[in-house]
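Step one of this worksheet: look at the structure below.
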Amino acid sequence: FLKGFLLSILLSPWPLFWVGDRGSPVRSLQYLLRAHGHDLVVDGVFGPVTEVAVRAFQKEGELVVDGVVGPITWRALIIEVAQGSTGDAVRAGQDQLQSRVQAGNPDLAVQIDGIFGPRTDAVVRTFQRRVAVAVTSFPVDGIVGPLTWQALVGGMLTD
């Protein structure tokens with residue numbers, strides 16, 4: 001626990017998102033909301049429908065219901081995925097990895113198909129190895145768990 005906590009401090013922080021925001025982290029938010037049973041279109045726009053889904057998720061999880069997605073809501077939303085996983089949580093991770101391609105990381109290209117197969121596993125490990133260069137002892141295990149989610153949605157390797 002302590003090691004994970006200390007590592008999380010060294011990573012880019014969980015971003016804050018609310019109505020009006022756009023982009024890849026919002027798409028991942030929408031995919032994760034879908035993985036939790038909320039029916040919404042994944043369009044990368046934090047509009048009224050996304051806000052309603054966020055508020056419903058926060059209420060269901062007994063979180064502060066404010067429609068803002070910050071560290072506590074992100075931690076509740078994330079779903080650990082690894083090789084063999086399928087569905088919208090995998091799509092969320094794949095979308096985050098794919099967004100790094102435009103930032104000059106072509107080897108992080110992955111198809112957003114919701115299937116965590118060998119290619120997604122290899123790309124996750126490549127991402128983790130690159131983060132581990134900056135954050136010593138970052139896990140390189142092919143599992144998109146809390147630390148890898150934080151690094152992804154926090155925007156690491158997007159500059």
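Quick note: the coordinates plus some simple rules give every number you see, no bench work behind them. Note that the coordinates shown come from a computational prediction; the quantities given were computed from them, not determined experimentally.
Compute the relative contact order of the chain as a whole-number percentage, counting only Cα pairs closer than 8 Å that sit 6 or more residues apart in sequence. Please report the intermediate quantities before stating the final value.
On the way: 258 pairs, mean separation 43.1, N = 159.
For the chain, the relative contact order is 27 percent.
Could you tell me the distance between the Cα centroids of segment 93-159 and segment 27-84, to the nearest Å?
That distance is 20 Å.
Rounded to the nearest 10 degrees, what's the angle between the helix 118-134 long axis and the longest principal axis of the chain, both from Cα atoms, 0 to 90?
Helix 118-134 sits at roughly 80 degrees to that axis.
In whole Hz and in residue order, list the ³J(HN,Hα) couplings for segment 86-100 that follow from phi through the Karplus curve 6.51 cos²θ - 1.76 cosθ + 1.60, θ = phi - 60°; x for Gly and Pro.
9, x, 5, 5, 5, 4, 4, x, 4, 4, 5, 5, 4, 5, 6
Which angle between 0 and 90 degrees, to the nearest 10, do you get for helix 24-35 versus the longest principal axis of the chain when only C-alpha atoms count?
70
Calculate, axis by axis, the spread of Cα positions in the chain along the three principal axes, and write the results as whole Å, longest axis first.
38, 34, 29
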